[in-house]
1. Looking at this structure, is Gln36 within 17 Å of the chain's Cα centre (by Cα) and modelled with pLDDT under 95?
2. Specify the residue that is nearest to Ser501 (Cα to Cα); the eligible residues are those in the range 414-443 that are part of a helix (DSSP H, G or I) and aliphatic (A, V, I, L, M).
3. So how many residues does the range 134-146 have that are among the aromatic types (Phe, Trp, Tyr) and within 17 Å of Thr13 (Cβ to Cβ)?
4. Pick out the one residue from Val126, Val108 that is away from ligand 1 (no atom under 16 Å from the Cβ) and either more than 20 Å from Tyr50 (Cα to Cα) or in a loop (DSSP other than H, G, I, E, B) (or both).
5. Can you tell me which of Lys113, Lys117 is out of contact with any Phe, Trp or Tyr (no Cβ under 9 Å at 6 or more places or on another chain) and either within 16 Å of ligand 1 (Cβ to nearest atom) or among the polar types (S, T, N, Q) (or both)?
6. So for the range 53-70 (the condition being away from ligand 2 (no atom under 16 Å from the Cβ), within 22 Å of Ser243 (Cα to Cα), surrounded by fewer than 19 Cβ atoms within 10 Å (Cβ to Cβ) and in contact (Cβ under 8 Å) with a residue 24 or more places away in the chain), does at least one residue qualify?
7. Among (1) buried (at least 19 other Cβ atoms within 10 Å of the Cβ); (2) not assigned by TED's automatic domain parsing to the domain that holds Phe11, there is one condition Gln285 misses while meeting the rest; what is its number?
8. Considering the range 213-233 alone, what residues qualify as being over 17 Å from Phe183 (Cβ atoms) and either within 10 Å of ligand 2 (Cβ to nearest atom) or not β-branched (Val, Ile, Thr) (or both)?
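The values are calculated or read from the model by the stated rules, or taken from the named source; none is laboratory data. No experiment lies behind these values; they were computed from the predicted model shown. Glycine also receives a Cβ, built like all others from the backbone with ideal geometry; neighbour counts cover every protein chain displayed. Note: areas computed on protein heavy atoms with side chains; ligands, DNA, RNA excluded. Shrake-Rupley method; radii C 1.70, N 1.55, O 1.52, S 1.80 Å.
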Amino acid sequence: MADTKRMVRIFDTTLRDGEQSPGCSMNIADKIKVAQQLELLGADIIEAGYPASSPGDLESVRMIAEIVKQSCVAGLCRALEKDIDAAREALQNAASPRVHIFLATSPVHMKYKLKMKPEQVLERAVTSVMYARKFCSDVEFSAEDAFRSDPDFVCKVFSAVIAAGASTVNFPDTVGYATPAEFGARARYIIERTEGIERARLSVHCHNDLGLAVANSLAAIEAGAGQVECTVNGIGERAGNASLEEIVMALRVRKDYFDADTRADSTRLYPASKLVSQVTGVKVQPNKAVVGENAFAHEAGIHQHGVMANPETYEIMTPESVGAGKKELVLGKHSGKHALSKRLSEMGYKLEGVMLDEIFARFKKLADRKKTVLNRDLEALVTDAVGAVPEKWKLDYWLINASSSVPAMSAVCLKNEDGGMRKAFCPGNGCIDAAFSAINELVGKDLALDTFELSAITGDADAQGEATVKISHNGGQWRGRGVSTNIIESAIQAYVAAINSMEAESRFR
Ligand code: KIV
Ligand code: ZN
């Protein structure tokens with residue numbers, strides 16, 4: 001019998017609402033990697049950014065719109081012609097573009113932020129949808145702070161924008177104030193009272209200030225919402241947005257209850273989560289549902305016993321179903337390319353040709369230095385190699401003398417993109433300071449080191465060290481990541497990667 005389940009659309013806003021949250025900014029190359037992973041995952045709509053907010057954002061939406069073909073690509077705009085024009089420019093080459101216009105409808109936003117009367121808001125909503133419809137057939141209208149708005153006013157605005165040509169109307173809980181029963185009831189009310197809703201789709205967009213974003217989104221889906229807005233790992237403004245992986249798995253695991261599904265390939269969830277965590281530098285809490293490190297870990301003896309007898313005793317979904325892979329098998333220096341490619345594909349990475357050759361070469365190098373190469377090591381290799389920013393500077397070698405009695409002294413040699421070598425020698429207050437000071441001298445910039453974090457990728461004694469740095473210069477901030485079995489080398493690589501990010505971005509300015 002044909003599956004008659006209602007398909008709920010996944011509107012991913014990791015690259016817009018997610019990226020706009022503190023500490024989650026991504027460079028263009030990172031955004032493209034995330035967009036490609038979301039496309040593979042089966043996100044129906046990818047909100048790639050807010051084109052009017054900066055030339056960099058416009059450029060990244062433009063590039064994503066050119067590359068992504070299987071998902072619709074959306075650009076956010078205020079209800080202003082200049083914002084809609086920027087979205088038009090950014091989306092001109094998209095296979096399936098969507099203009100997403102938002103305007104607040106709550107009394108507090110209209111009075112204090114917009115300084116507009118409800119009638120003016122209604123009129124602006126309609127004229128901006130009509131303006132966008134002149135060049136784009138897919139227009140979404142969001143009533144910002146809808147949950148704290150007068151429900152009848154929201155219905156009036158939604159009815160008017162649908163008549164003006166909007167095909168999706170979004171009902172956000174912008175400040176994460178709702179509770180599930182209320183939010184579900186409100187979604188039902190909107191569906192019942194909005195004229196023309198049968199020609200459009202009701203979307204919901206929930207924030208997590210009270211930890212209820214996923215529960216509220218699911219309540220609205222039960223009430224008939226046909227689109228849900230969410231982000232990978234739930235990143236987003238303040239406490240974040242509804243988490244994509246939790247929504248997808250709630251609908252999949254409890255399809256008996258929701259009678260609705262998405263077209264998401266759940267085995268791509270874990271790789272997407274890892275990628276977003278790596279490119280933002282924001283770690284996923286270990287007990288995070290679906291994608292946390294402990295989501296499938298069984299510590300208590302009684303649980304282990306049960307799981308060995310039958311995983312269903314304590315697991316309502318398998319790690320494989322979310323792409324977290326089986327128990328890690330040992331990959332080492334004797335493993336071949338076939339074994340590596342099989343493992344990578346189990347982890348959700350489909351790599352072929354030169355890219356597979358490149359990862360294999362890096363894997364062999366690592367396996368020479370490290371007894372066992374674990375999945376997390378492979379993830380680090382892949383995200384390091386795939387789609388990295390253009391490297392203006394490459395580390396050639398470094399040497400540091402340090403002891404407890406004399407200041408550290410570094411020698412660092414970098415190769416620039418034309419193949420020229422530059423060397424600098426610098427003293428410093430410790431190895432890292434000496435190395436970073438030498439690099440500052442080499443690149444001729446006085447860069448400030450804002451944060452520096454060092455962690456072991458795996459827990460074994462010969463673990464690779466992962467360094468993440470944030471540097472700033474002239475008001476901008478860039479992040480870099482480096483991985484090596486030598487922690488000083490990983491720190492230097494991270495610093496150079498951050499400089500490369502800064503240089504790559506300056507080309508778009
Ligand atoms: O939270 C919100 O209301 C938004 C809108 C722009 C959809 O992010
Ligand atoms: Zn939001």
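1. Working: within 17 Å of the chain's Cα centre (by Cα): yes; modelled with pLDDT under 95: no.
Against the criterion (within 17 Å of the chain's Cα centre (by Cα) and modelled with pLDDT under 95), Gln36 does not qualify.
2. Step one: of the range 414-443, the residues part of a helix (DSSP H, G or I) are 431-443.
Retained after the next criterion (residues that are aliphatic (A, V, I, L, M)): 432, 434-435, 438-439, 442-443.
On the way: Ile432: 20, Ala434: 22, Ala435: 19, Ala438: 19, Ile439: 15, Leu442: 16, Val443: 13 Å.
Residue satisfying both the conditions and the ranking: Val443.
3. Initially, the range 134-146 is screened for residues among the aromatic types (Phe, Trp, Tyr), giving 135, 141.
Narrowing further to those that are within 17 Å of Thr13 (Cβ to Cβ): 141.
The total comes to 1.
4. Details: Val108 fails: away from ligand 1 (no atom under 16 Å from the Cβ).
None of the other options fit; the residue is Val126.
5. On the way: Lys117 fails: either within 16 Å of ligand 1 (Cβ to nearest atom) or among the polar types (S, T, N, Q) (or both).
Just a single option satisfies the conditions, and that option is Lys113.
6. yes
7. Unmet condition: (1).
8. Step one: filter the range 213-233 for residues over 17 Å from Phe183 (Cβ atoms), giving 231-233.
Thr231, Asn233, listed by residue number.
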